[in-house]
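The values are calculated or read from the model by the stated rules, or taken from the named source; none is laboratory data. Quick caveat: nothing in here was measured; it's all calculated off a predicted structure. Counting neighbours? That spans all protein chains shown, and the Cβs are built from the backbone with ideal geometry, glycine included.
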Amino acid sequence: MPRNNISRLFALLGLSVVCLATPLKASAATYYVATTGSDSNPGTAAAPWRTIQQSANVANAGDTVIIENGTYVTGSINLGHSGLAGSPITFQAQNKWLAIISSTSGCNPAISVNASYITIKDLRIAVDPSNVTCGYTSANAIIRGWTNGASPTGSSPSSGYTNLTIDGVLADSSNTLIRSVGLKTNQDNTIIKNSEVHH
């Protein structure tokens, strides 16, 4: 039956037709970071960003950040946007262990994860020779998964931030410079797999 005839039929029966708009979920994006890029670029394969922090500032649930081969001398990186169950935000080396974070984060983590549903995959993370040295502190980690500021209790058992996945990461000590802690997480449901950690 043609649509206008259906509308007339509904009108004769005293019924109304309501159309509900269903918001469409934006498709997940893939962004790129390269040592030859610029943070004023759009983060595409042809015009990548320069810093991993810029990608962390932009990426949202379901997005993937491809970090191209090369050495990235950088201060502490903060991953502060959360993904969703089934749609994590993924930070992934283009080729396993060929994207090298040479960290100058001092006594702070090379990567801090203050968010949920984050995946870090195939990165090589080292301490840059110019890094300021410090004594032992549990914050001096290669990767640190943080809670949302509250410690779990019996009445509120969640860590707040959850579901950090660390996959195929090399915590490198090839230049003999190491962190106090390799990988440390206080997040619920953390998975660490296929990784090699020197500390």
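Could you give every pair whose Cβ atoms fall below 8 Å, whose first residue belongs to the range 124-153 and is farther than 17 Å from ASN189 by Cβ, and whose second residue is of a type in the set (Asp, Glu) and surrounded by fewer than 13 Cβ atoms within 10 Å (Cβ to Cβ), counting only separations of at least 6 or pairs across chains?
Short answer, once both residue conditions are applied: none.
Here are some residues: VAL58, VAL17, VAL65. Which one is touching a helix residue (DSSP H, G or I) at 6+ places or on another chain (Cβ under 9 Å) and modelled with pLDDT of 95 or more? Reasoning before the result, please.
Working: VAL58 fails: touching a helix residue (DSSP H, G or I) at 6+ places or on another chain (Cβ under 9 Å); VAL17 fails: modelled with pLDDT of 95 or more.
Residue meeting the stated conditions: VAL65.
Give me the residue from the range 100-113 that is of a type in the set (A, V, I, L, M) and closer than 23 Å to ASN148 by Cα and, out of that set, farthest from the chain's Cα centre (by Cα).
ALA110
So which residues in the range 52-90 are of a type in the set (Ser, Thr, Tyr), buried (at least 18 other Cβ atoms within 10 Å of the Cβ) and more than 10 Å from the chain's Cα centre (by Cα)? Outline the logic, then answer.
Step one: list which residues in the range 52-90 are of a type in the set (Ser, Thr, Tyr), which gives 55, 64, 71-72, 74, 76, 82, 87, 90.
Among the residues that remain, those that are also buried (at least 18 other Cβ atoms within 10 Å of the Cβ) are: 55, 64, 72, 74, 82, 90.
Once the filter is applied, which keeps residues that are of a type in the set (Ser, Thr, Tyr), buried (at least 18 other Cβ atoms within 10 Å of the Cβ) and more than 10 Å from the chain's Cα centre (by Cα), the range 52-90 yields TYR72, THR74.
Quick check on the range 110-123: of everything there that is free of Cβ contacts under 8 Å to residues at least 60 places away in the same chain and not hydroxyl-bearing (Ser, Thr, Tyr), which residue is nearest to ALA85 (Cα to Cα)? Before the answer, list the steps.
Within the range 110-123, the subset free of Cβ contacts under 8 Å to residues at least 60 places away in the same chain is 111-112, 114-115, 117-123.
Going one step further and asking which of them are not hydroxyl-bearing (Ser, Thr, Tyr), we end up with 111, 114-115, 118, 120-123.
Values: ILE111: 21, ASN114: 16, ALA115: 12, ILE118: 10, ILE120: 15, LYS121: 17, ASP122: 21, LEU123: 23 Å.
The residue in question is ILE118.
Among the listed residues SER116, SER180, SER130, identify the single one that is within 28 Å of GLU68 (Cβ to Cβ), over 17 Å from the mean Cα position of the chain (by Cα) and not aromatic (Phe, Trp, Tyr).
Details: SER116 fails: over 17 Å from the mean Cα position of the chain (by Cα); SER180 fails: within 28 Å of GLU68 (Cβ to Cβ).
Sole residue among the options that is within 28 Å of GLU68 (Cβ to Cβ), over 17 Å from the mean Cα position of the chain (by Cα) and not aromatic (Phe, Trp, Tyr): SER130.
Out of all the residues in the range 91-111, which are surrounded by 20 or more Cβ atoms within 10 Å (Cβ to Cβ) and small (Gly, Ala, Ser)?
ALA93, ALA99, SER102, SER103, SER105, ALA110, listed by residue number.
Are any of the residues in the range 168-176 among the acidic types (Asp, Glu), touching a residue at least 60 places away in the same chain (Cβ under 8 Å) and touching a strand residue (DSSP E or B) at 6+ places or on another chain (Cβ under 7 Å)? Lay out the reasoning, then the answer.
Going residue by residue through the range 168-176, those that are among the acidic types (Asp, Glu) are 172.
So of that shortlist, the ones also touching a residue at least 60 places away in the same chain (Cβ under 8 Å) come out as 172.
Retained after the next criterion (residues that are touching a strand residue (DSSP E or B) at 6+ places or on another chain (Cβ under 7 Å)): 172.
Scanning the range 168-176 turns up at least one residue that is among the acidic types (Asp, Glu), touching a residue at least 60 places away in the same chain (Cβ under 8 Å) and touching a strand residue (DSSP E or B) at 6+ places or on another chain (Cβ under 7 Å).
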